[in-house]
Every structure is written in C-alpha cells, then in structure tokens.
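Heads up, the thing below is written out as structure tokens.
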Amino acid sequence: MKQENRGRLTKDGIRIYDPSDSAGMYAAGALASRVLDAMSEHVFPGQTTAEIDRIITKMVDDAGAKSATIGYKGYEHASCISVNHVVCHGIPGDKKLKDGDILNIDVTVIVDGWFGDTSRMFVAGKLPRKAERLIEVTHDALMRGIEAVKPGNTFGDIGHAIQGFVEAHRMSVVRDFCGHGLGRVFHAPPNVLHYGRPGTGARLEPGMFFTIEPMVNLGRAETKTLADDWTAVTRDKSLSAQFEHSVGVTETGVEIFTLSEAGTFHPTY
Ligand code: MF3
Ligand code: CO
Ligand code: CO
C-alpha cells in the first residue's frame, strides 16, 4: 500500500487514519513543539528573524527530521515568522526585533513521513498591554475550537466556537487563511475555517487529523499579500496573532499532537 493512501476517505475527501497512526503524529508533533519551546531564549530585542530560522533549521536537522516548508511551493525557510501586523507566512529576514514586538513562529516538520505543524506567539522584551489582550484572546480562541472537537460535532462547530469567542472580545477572525487536514501530507482536505455556523460542514469522525490555527486581528479582518507573494499583513496595519495545534479526533474527543513539554505554548502563563 502506498504510504499516502492508508486508511480511507470520507465522502468529503477527508482521510480517516488508523488509531495506530497517532504514534507517528505524536512523534512529529513533539519535535515541532520542542523546536518552539527552544525558541523562547532566542527571541529578544536586537535578534533577527533570520537568525531564529537558522537555529530552527539546525535543530530539525540535528533531530534527523525534515522541514516541511523548505522547498514547499518555492519557500526556502524552516519557519514562518510573522511580526506585529504580519498575519502569517512572514519570511525570516535581517530586520532586528524591537522591544515590544510580538511574533508568531510557525514550524512544520516531517518525522518518519508524518507531519507536525504548530505555531505560537513570542514577545521581544516587554509585552505591551494591547498585545497581551490580543495574544490571550487568540490562544483561548484556539482552545475553544479544540474543545469543540469530538465525534458527531461538525467543522462548523469548531469555527463557530472560535468566531463567537473572538468577536465577543471585539476582535476579528481572519477569513483569508484556514487550518487544514494533515498526516502523511502537509495540506489535505478539509479547509478548517475559523468561523462558521453550528452544525454545518463535514461531521467529525475518529481518525481525522487536522490543524486548527486561528489568526486574530485587533482591527479589521481583511488581509493583503505583499509583493514577495508570501507575507500576509492586515490591511489596516492592526496587530495580528496566531496559535496553531495539530490535533486528531478520537472515539471520545480530541488528542493534541503538538502540546508543549515545557509548558510554554502560551508565552505568559
Ligand atoms: N505552517 C503553515 C501552516 O500552518 C504553512 C507554511 S507554508 C510556507 O499551514 F511555505 F509558508 F512555509
Ligand atoms: Co498549518
Ligand atoms: Co503552521
């Protein structure tokens, strides 16, 4: 059997993996998460995002794993690093971080053919009050989404949980990017929307593996992509934050493959 064709597909084209496949997802998720755990000490004012990416590249290599992003659609780095009003897909570069900058570092690794994809927020220096609220709400929105993951619920239930929470805090959910199925491939069906109506979309079944990765803006939801064809920014230049976990649906609920062993998924608690 071709490695990528294991399990079966639902009528919506979503792959159902075997319970024994979770082990591979946990191994990949743990490495991606361990890489992010190690970045806390490398984020500080004066540091460049290119240097952070170099350290990530070496860690992935030293672990005997592969970066999923190097060579992906022409992308050349082991991470995306999105600073302040950058929503996602920020390209590591030589600009120095300033005191009070907030940044998302997004890492995807391949371990024995399994993909682990996670991102979280970091702060250079002192965290500004408004950014703290944004980070808090974005983190908690992801967790609300994860709480909605159980057999019988739908993808719309996940999106609704996230959107309802974010909008109750007068912030905006980005609609131009979404989570995705993953497993033996990086991006697979379904598109995991971070907004939606209860009971809509495909029904969750044990064995589905996907990411949830809400992006939340302090201002309006609209984004635009810069001339480099990667960097997505908020149109109104407002601050943006994102957290991402890779998860699986189990018989009773959810398993999170990318939990932080160091307990540093959230930067301040
Ligand atoms: N890791 C991102 C995600 O969450 C994808 C990055 S693709 C890249 O899906 F090419 F920009 F790295
Ligand atoms: Co992802
Ligand atoms: Co990611």
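The values are calculated or read from the model by the stated rules, or taken from the named source; none is laboratory data. No experiment lies behind these values; they were computed from the predicted model shown. Neighbour counts run over all protein chains shown; Cβ positions are idealised from the backbone, glycine included. Please note that ligands, DNA and RNA were not included when accessible areas were found on the heavy atoms of the full protein model with its side chains. Shrake-Rupley method; radii C 1.70, N 1.55, O 1.52, S 1.80 Å.
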- Query: Using a 1.4 Å probe, how large is the accessible area of Ser33, given in Å² and rounded to the nearest 10?
  - Reply: 0 Å²
- Between His169 and Leu226, Cβ-based FRET efficiency (R0 35 Å, step 0.05) works out to 0.80
- Item | Alpha-carbon radius of gyration plus Dmax, which is the widest Cα pair, for the chain in Å | 17.4, 53
- Item | Hull shadow area, averaged, the range 169-269 [alpha-carbon convex hull, nm²] | 8.7 nm²
- Message: As I understand it, the dipole of the chain uses +1 on the Cβ of Lys and Arg and -1 on the Cβ of Asp and Glu, about the Cα centre. Which of Thr200, His139, His245 lies farthest toward its positive end?
- Response: Thr200
- Message: If I model a spin label as a point 7 Å beyond the Cα along the Cα-Cβ vector, how far apart are those points for Asn5 and Lys58 in nm?
- Response: 4.3 nm
- Membrane-span-like helices (DSSP H runs, Cα span along own axis at least 24 Å, mean Kyte-Doolittle at least -1.0) in the chain -> 22-39, 129-147
- Item | Using a Förster distance of 22 Å, the FRET efficiency for Lys130-Asp176 (Cβ separation, nearest 0.05) | 0.45
- Message: If the only charges are +1 at each Lys and Arg Cβ and -1 at each Asp and Glu Cβ, what is the size of the charge dipole of the chain around the Cα centre, to the nearest 20 debye?
- Response: 620 debye
- Message: Using Cα springs under 10 Å in a Gaussian network model of the chain, which residue among Glu222, Glu251, Glu132 shows the largest mean-square fluctuation?
- Response: Glu251
- Note on the structure: Computed over the range 122-269, protein heavy atoms only, probe 1.4 angstrom, the accessible area per residue in square angstrom equals 42 Å²
- Message: What figure, in Å² to the nearest 10, do you get for the accessible area of Trp230 with a 1.4 Å probe and non-protein molecules left out?
- Response: 60 Å²
- Message: If you roll a 1.4 angstrom probe over the protein chains with everything in place, what fraction of the accessible area of the chain belongs to carbon and sulfur, to the nearest %?
- Response: 52 percent
- Query: Once both labels are modelled 7 Å past Cα along the beta-carbon direction, what's the Glu41-Ile16 spacing in nm?
  - Reply: 4.6 nm
- Query: Among Met215, Val173, Ile102, whose Cα lies farthest out toward the positive end of the dipole of the chain, if unit charges sit on the beta carbon of Lys, Arg (+1) and Asp, Glu (-1)?
  - Reply: Val173
- On the formula 1/(1 + (r/R0)^6), with r taken between the Cβ atoms of Lys237 and Asp94 and R0 of 25 Å, the FRET efficiency rounded to 0.05 is 0.70
- Ranked by GNM mean-square fluctuation in the chain (Cα springs under 10 Å), the top entry among Thr108, Thr69, Thr258 is Thr69
- Task: Could you tell me the largest-minus-smallest coordinate of the C-alpha atoms of the range 110-168 on each of the three principal axes, in descending order and whole angstroms?
- Result: 41, 38, 12
- Task: Let me know the Rg and Dmax you get for the range 1-92 when you use only its Cα atoms, in Å.
- Result: 16.5, 51
- Query: With all protein chains present and a 1.4 Å probe, how do Asp140, Asp228, Asp61 order by accessible area, largest first?
  - Reply: Asp61, Asp228, Asp140
- Arg203: accessible area at probe 1.4 Å, nearest 10 Å²? 140 Å²
- Taking Cα pairs under 8 Å and at least six residues apart, what relative contact order does the range 94-210 come out at, in percent? 25 percent
- Message: Which one, His85, His187, His160, has the greatest fluctuation when you compute a Gaussian network model over the chain with C-alpha springs under 10 angstrom?
- Response: His187
